[in-house]
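The values are calculated or read from the model by the stated rules, or taken from the named source; none is laboratory data. These numbers were taken from a predicted model, which means no experiment stands behind them. Counting neighbours? That spans all protein chains shown, and the Cβs are built from the backbone with ideal geometry, glycine included. Calculation scope for accessible area: heavy atoms of the full protein, side chains included, ligands and nucleic acids excluded. Shrake-Rupley method; radii C 1.70, N 1.55, O 1.52, S 1.80 Å.
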Amino acid sequence: MRILIAILLFTLPLCAQELTPRRWSHLPTDKNLMGLGYAYTQADIFLDPVLQVENLELELQTLALRYIRTFEFLGTSSRFELGQGYQDGIYRGLLRGEQASAYRSGPTDTLLRISSILYGAPPLKGKEFAQYRKSVQNSETLIGAALILQLPTGDYSENQLINIGSNRFTIRPQIGIVHQRDKWTFETSASMWAFSDNNEFWQGTHRQQDPLWAFQSHLIYTFQPGFWSSASIGYGIGAENEVNGINKNDSAENLAFSLAGGYAFTRNFGAKIAYIGTRTQTDKSFDSDTLALGFSWIW
C-alpha cells in the first residue's frame, strides 16, 4: 500500500498539466466546434529507493472528444467548452526484484470551460468578422480570462490506489495574454488548480492537496491562414499532499515543453499534431513524452 500511495501522489499533479497554444484565438460568434483527439504517452516514474520499486514505466492511450460553442456575453467574445476522454493504461516495473504490473481503463473526469476575451477581439460573425480579422492582421493584443471545472466523473474505486478519475472537484481560474505581430504570435497564461478534498482516497482515508500553480507560454508562426506551427514551454509548482492530516512534503515542480503544428484542409475541417514532454525538477515524480493527433470541425 505504501508503494502505491507514493506512485499516486507523485504522478497525479504532473499528469494534469497541459500546454495548449491558440486557446485564446478569436472565433466568430454563434459557431460550433467539435474536436476528436488521440494521444499516446510513455512515462518513467522515479520513486524513493526504500520503496523497492525499480524501472517503473507507464504506457497510456487517451481518446478525447471536445465540443465548443461560441457566443456573445456582456459584449465579449466568449465560448463554452465540454471535454470528455477515455484512457487505457498499464504500469510495469520491478517490485522487490519481481515483475509487477497494474492495468486501468475507463472514462476520465469531465472538463467544463467558460472563457471570455476581455480586451480586443469583439464578438462578430460573418462578413464583419472577416473584415475585422483583416484589419488586425499586422498587429493585435488580446487579454482573456477563463474558468475550468473538472468534475469527478472518471472511473474510480476507493479500493484501488491507481485510478483514472480523481474523485474530487478541481477549479482552475486562468488568465491569458496574446500579442500578434505580422506572422508571429506570443501567448502566455497563468492558472491555479484548486482541489477539493477526497474523502474516499483509500478505504476511508482523507486526502487534501495544496493548489498547483501553472504557467505556460507559446511562440506561434503562421505561414498562411490555417497553417501554423508553435513552440511552447510550461512550468508547474505546488500541489503538496496531506493524507489523514499527515503532510507528505511532496511538493511538485516540473518543466513541460511542446512542438505543435496545425493545418486547415478546408474552411471547416483541420488537423493538429503535437509532441509534449515533461521533466520533473525533483528526485521523485516522473518524466513523460506524449504524441498527440487531433481533428476539428466547425459549423
Computed over the chain: longest principal axis from alpha-carbon atoms vs helix 2-16 long axis, angle to nearest 10 degrees, is 10
Along the dipole axis of the chain (charges at Cβ: +1 for Lys and Arg, -1 for Asp and Glu; origin at the Cα centre), the most positive-end residue among ALA102, GLN216, GLY236 is GLN216
Of the convex hull enclosing the alpha-carbon atoms of the chain, the direction-averaged projected area in nm² is 15.0
Helix 126-135: inclination vs the chain longest Cα principal axis, degrees, rounded to 10, gives 90
Given unit charges at Cβ for Lys, Arg (+) and Asp, Glu (-), the dipole magnitude of the chain about its Cα centre in debye, nearest 20, is 1380
For the stretch 20-123, the accessible surface attributable to carbon and sulfur atoms (probe 1.4 angstrom, ligands and nucleic acids excluded) amounts in percent to 58
Answer in debye to the nearest 20: the dipole magnitude of the stretch 53-149 about its Cα centre, from +1 Lys/Arg and -1 Asp/Glu charges placed on Cβ, is 520
In deg cm²/dmol, rounded to the nearest 500, the helical mean residue ellipticity at 222 nm of the chain, built from -39500 (n - 2.57) for every DSSP H run of length 4 or more, is -2500 deg cm²/dmol
To the nearest Å², the heavy-atom accessible area per residue of the chain with 1.4 Å probe amounts to 51
Whole-Å distance linking the alpha carbon centroid of the stretch 159-209 with that of the stretch 73-111 is 12
So, relative contact order of the chain in percent, Cα under 8 Å, 6 or more apart, is 18
With all protein chains in place and a 1.4 Å probe, GLU240 shows an accessible area in Å² (nearest 10) of 40
Scoring the stretch 116-237 by relative contact order with C-alpha pairs under 8 Å, at least six apart, yields a percentage of 19
Whole-percent carbon and sulfur contribution to the accessible surface of the stretch 178-299 (1.4 Å, no ligands, DNA or RNA) stands at 61
The local net charge around GLY154, scoring Lys/Arg +1 and Asp/Glu -1 for residues other than GLY154 whose Cβ lies under 14 Å from its Cβ, equals -3
Ignoring ligands and nucleic acids, HIS26 exposes an accessible area, probe 1.4 Å, in Å² to the nearest 10, of 20
Expressed to one decimal in nm², the mean projection of the alpha carbon convex hull of the stretch 50-182 is 11.9
GNM on the chain, Cα springs under 10 Å; top mean-square fluctuation among GLN87, GLN160, GLN180 goes to GLN160
Among ASN138, PRO152, SER116, the residue whose Cα sits farthest towards the positive end of the charge dipole of the chain (+1 at Cβ of Lys and Arg, -1 at Cβ of Asp and Glu, taken about the Cα centre) is ASN138
Most fluctuating of ALA146, ALA102, ALA271 in the GNM of the chain (C-alpha, under 10 Å) is ALA102
